[in-house]
Amino acid sequence: MRFHEVSLSMARARTIAIDGPAASGKSTIAQRVAKALGYLFLDTGVMYRAVTLAAQQAGIDFAAESEVTALARRLQIDVRPASMLDGRLCDVFLDGQDVTWAIRSGPVDAGVSQVAAYAGVRQAMTGLQREIGSRGDVVMVGRDIGTVVLPQADLKVYLDASAEVRARRRAAELAARGQPADLAGILAGLQERDRLDSTRQLAPLRPASDAVVLDTSSLTIEEVVRRVLQLVERNSEASR
Ligand code: CDP
């Protein structure tokens with residue numbers, strides 16, 4: 001390897017962790033950042049959503065931890081680049097079935113934080129996520145990526161926004177898909193999920209001590225993408 005190749009490979013942030021509360025824009029931002037860098041985009045939230053959907057479909061009570069955990073261990077969850085232009089950011093397959101939109105249902109929204117709090121479920125999902133992260137060139141999104149899944153990530157960003165702004169963004173997403181959007185109900189649902197996610201014992205939602213925290217309440221998607229790409233650039237300069 002020639003010298004300039006060595007310095008280039010050292011310079012670039014190869015693993016980028018993006019965490020934050022529900023509907024903070026993480027997935028949209030991360031997908032665009034990944035595209036700009038030619039990296040893989042992995043939204044880890046879809047994996048917890050897929051487990052929750054599978055439990056619902058199997059008629060398993062979300063409160064039955066051992067049954068939910070056993071299910072999570074045997075499921076085949078695949079996350080692949082988007083194959084359709086219907087607003088999806090990636091394809092999600094559950095045992096071979098395309099569940100990309102099914103995991104966005106009301107019951108999954110309401111149950112996912114309970115399912116994601118189980119140690120065995122997290123262990124199964126974290127293992128898959130680390131395997132993908134270890135290959136590098138990835139932008140991974142979730143709640144615990146910078147703190148637990150990829151604590152050695154080259155760049156950690158924590159995206160936040162006020163609850164009202166996040167509820168409005170989620171309502172607009174639903175409206176764009178032709179679904180009814182009750183703002184007060186959405187706000188209450190997001191706040192409850194944030195409460196469960198940030199107070200759980202395992203891998204709670206919080207910024208890593210070395211994360212850059214960005215409040216996106218008054219920023220457009222383009223502005224946030226630009227800020228994150230600037231951080232990638234600064235990271236490159238810092239490691240030269
Ligand atoms: O898209 P939204 O921000 O509403 O949520 P999501 O990223 O799809 O995550 C859904 C749920 O999965 C979260 O509320 C968490 O309970 C859980 N989750 C988690 O525990 N750890 C992650 N790394 C990602 C998601």
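The values are calculated or read from the model by the stated rules, or taken from the named source; none is laboratory data. Predicted model only: the values in this text are computed from it and were never measured. Cβ: placed from backbone, ideal geometry, glycine included. Neighbour counts: every protein chain shown. The protein model used for the area step is the full one, side chains on, heavy atoms only, and it has no ligands, DNA or RNA in it. Shrake-Rupley method; radii C 1.70, N 1.55, O 1.52, S 1.80 Å.
Data for the structure
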item	result
Among residues of region 83-119, those that are open to solvent by less than 10 Å² (accessible area, probe 1.4 Å) and of a type in the set (D, E), counted	1
Matching residues, region 32-53, being of a type outside the set (V, I, T), away from the ligand (no atom under 12 Å from the Cβ) and not in a strand (DSSP E or B)	R32, A34, K35, A36, L37, G38, Y39
Set R122, R168: member being near the ligand (Cβ under 9 Å from one of its atoms), farther than 30 Å from S236 by Cα and surrounded by 13 or more Cβ atoms within 10 Å (Cβ to Cβ)	R122
Extreme residue, nearest to the chain's Cα centre (by Cα), among residues of region 224-240 that are surrounded by fewer than 13 Cβ atoms within 10 Å (Cβ to Cβ) and not in a loop (DSSP other than H, G, I, E, B)	Q230
Of all residues making up region 129-165, the number that are open to solvent by 10 Å² or more (accessible area, probe 1.4 Å), within 10 Å of the ligand (Cβ to nearest atom) and not charged (D, E, K, R)	2
Selected residue [in contact with a helix residue (DSSP H, G or I) (Cβ under 8 Å, 6 or more places away or on another chain) and within 30 Å of V228 (Cα to Cα)] from A72, A54, A50, A63	A50
Yes/no for Q56 being open to solvent by 60 Å² or more (accessible area, probe 1.4 Å), over 21 Å from K35 (Cβ atoms) and away from the ligand (no atom under 12 Å from the Cβ)	yes
Candidate set: region 138-168, residues that are of a type in the set (D, E, K, R) and under 16 Å from the mean Cα position of the chain (by Cα); chosen: the one farthest from P107 (Cα to Cα)	K156
Unmet requirement for L187, which otherwise passes all of (1) over 29 Å from D86 (Cα atoms); (2) outside any loop (DSSP other than H, G, I, E, B)	(1)
Some residue of region 120-136 being farther than 21 Å from V33 by Cβ and among the polar types (S, T, N, Q)	yes
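Quick grid of which residues meet (1) within 12 Å of the ligand (Cβ to nearest atom); (2) at pLDDT below 95; (3) open to solvent by 50 Å² or more (accessible area, probe 1.4 Å):
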| residue | (1), (2), (3) |
| --- | --- |
| R177 | no, yes, yes |
| P180 | no, yes, yes |
| R195 | yes, no, yes |
| A203 | yes, no, no |
